[in-house]
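Following: one structure in structure tokens, then a few remarks.
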Amino acid sequence: MVEIIAFANQKGGVGKTTTAINLATSLASIKKRVLLVDLDPQGNAGTGLGFVRAAHPQSVYGVIMGTAKAADNVLSTTISGLHIMPSSIALAGAEVDLLDMENREYRLRDALMPLYEFYDYILLDCPPALGFLTLNALTTANNVIIPLQCEFYALEGITHLVNNIRGIREKWNPELEILGVLLTMYDRRYGQTREAEADVRNTFGNAVFTTVIPRNVRVSEAPSHGIPALVYDFNSTGAQAYLRVATEVVERLEKGV
Ligand SMILES: Nc1ncnc2c1ncn2[C@@H]1O[C@H](COP(=O)(O)OP(=O)(O)O)[C@@H](O)[C@H]1O
Ligand SMILES: [Mg+2]
């Protein structure tokens with residue numbers, strides 16, 4: 001059965017897209033069939049995998065709007081086993097377009113269902129907002145991973161997000177579970193990082209992944225080359241950390257967290 005994981009945090013720049021790309025790549029490398037859906041109008045998941053936006057008509061936008069078929073909007077990437085449903089500028093209008101649409105909370109789920117049989121994992125990269133696109137991701141997903149940067153207000157933001165996720169579970173998607181909180185751009189040299197980590201682990205306990213993603217220049221360089229950090233520099237600390245997270249993800253899913 002397909003596992004659907006959303007990467008959500010209303011804050012931008014916390015590592016959602018980087019995590020989605022590198023986890024997708026890690027899972028594909030162990031022969032899983034993976035679809036990455038880019039729900040951010042900025043389209044960073046696509047560009048991070050080497051796609052030039054204007055060069056292809058495929059987009060998740062028409063799929064959500066019901067004007068295009070999901071199967072017609074999937075592209076193969078250079079990574080064997082990894083496909084992407086890219087975003088487009090038009091997606092920026094989706095928040096407003098969805099407002100008075102029928103079935104507005106479930107449009108993504110209903111549109112993607114015909115693809116479920118072709119994948120082991122569908123990863124949903126959310127925009128940095130708790131609007132209709134993220135809501136659609138969280139009604140489609142059965143698991144959510146929350147990437148979190150260790151900084152002063154980390155706990156505040158995540159508490160708000162977790163309450164939101166609970167609300168969505170109650171109202172729209174009883175299947176939704178928090179698979180884990182992932183600490184990203186971790187830099188042990190900063191007291192702030194260590195304090196934030198202690199707070200988050202105290203509050204969320206085992207929900208926090210054991211592995212942390214270090215701040216690593218190779219990870220930040222990779223997108224400008226259009227390849228995942230795992231391909232750009234396999235031995236970098238960042239790439240190796242993402243491989244360990246993938247192992248934790250698979251273990252948690254097998255245990256049924
Ligand atoms: N572990 C890391 N080390 C260094 N830079 C990182 C790391 N993770 C992400 N970045 C960089 O931080 C920026 C924000 O990351 P991104 O994944 O795009 O966040 P989001 O999708 O949450 O907005 C990007 O420029 C990315 O390359
Ligand atoms: Mg992003």
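We did not get these values from a lab; they are worked out from the coordinates using the rules stated. Note that the structure is predicted; figures quoted are calculated from it, not measured. Glycine gets a Cβ as well: all are built from the backbone with ideal geometry, and neighbour counts include every protein chain shown.
Checked against the criterion of being touching a Cys at 6+ places or on another chain (Cβ under 6 Å) and within 13 Å of ligand 2 (Cβ to nearest atom), the candidates LEU39, LEU49 yield just one match: LEU39.
Summed over the stretch 8-31, the residues that are under 21 Å from ALA137 (Cα atoms) and outside any helix (DSSP H, G or I) give a count of 8. May I ask you to say which residue of PRO128, PRO147, PRO174 is assigned to a loop (DSSP other than H, G, I, E, B) and under 15 Å from the mean Cα position of the chain (by Cα)? Of PRO128, PRO147, PRO174, the one residue that is assigned to a loop (DSSP other than H, G, I, E, B) and under 15 Å from the mean Cα position of the chain (by Cα) is PRO128.
Go through the stretch 244-257 and give me each residue that's touching a Ser or Thr at 6+ places or on another chain (Cβ under 8 Å) and buried (at least 19 other Cβ atoms within 10 Å of the Cβ). Give the derivation first.
Step one: filter the stretch 244-257 for residues touching a Ser or Thr at 6+ places or on another chain (Cβ under 8 Å), giving 244-246, 248.
Residues satisfying the conditions are VAL245, ALA246.
The criterion of being in a loop (DSSP other than H, G, I, E, B) and away from ligand 2 (no atom under 16 Å from the Cβ) holds for SER80.
Out of the residues in the stretch 199-215 that are assigned to a helix (DSSP H, G or I) and on the phi < 0 side of the Ramachandran plot, state the one that is surrounded by the most Cβ atoms within 10 Å (Cβ to Cβ).
Restricting attention to the stretch 199-215, the residues satisfying the condition of being assigned to a helix (DSSP H, G or I) are 199-207.
This time we only want the ones that are on the phi < 0 side of the Ramachandran plot, so: 199-204, 206-207.
Working: ASP199: 16, VAL200: 20, ARG201: 15, ASN202: 10, THR203: 14, PHE204: 18, ASN206: 10, ALA207: 17.
The selected residue is VAL200.
Take the stretch 43-77 and flag every residue that is within 16 Å of ligand 1 (Cβ to nearest atom), outside any loop (DSSP other than H, G, I, E, B) and not β-branched (Val, Ile, Thr).
Residues of the stretch 43-77 that are within 16 Å of ligand 1 (Cβ to nearest atom), as a first pass: 43-51, 53, 60.
Within this subset, residues satisfying the condition of being outside any loop (DSSP other than H, G, I, E, B) are 44-48, 53, 60.
Residues satisfying the conditions are ASN44, ALA45, GLY46, GLY48, ARG53.
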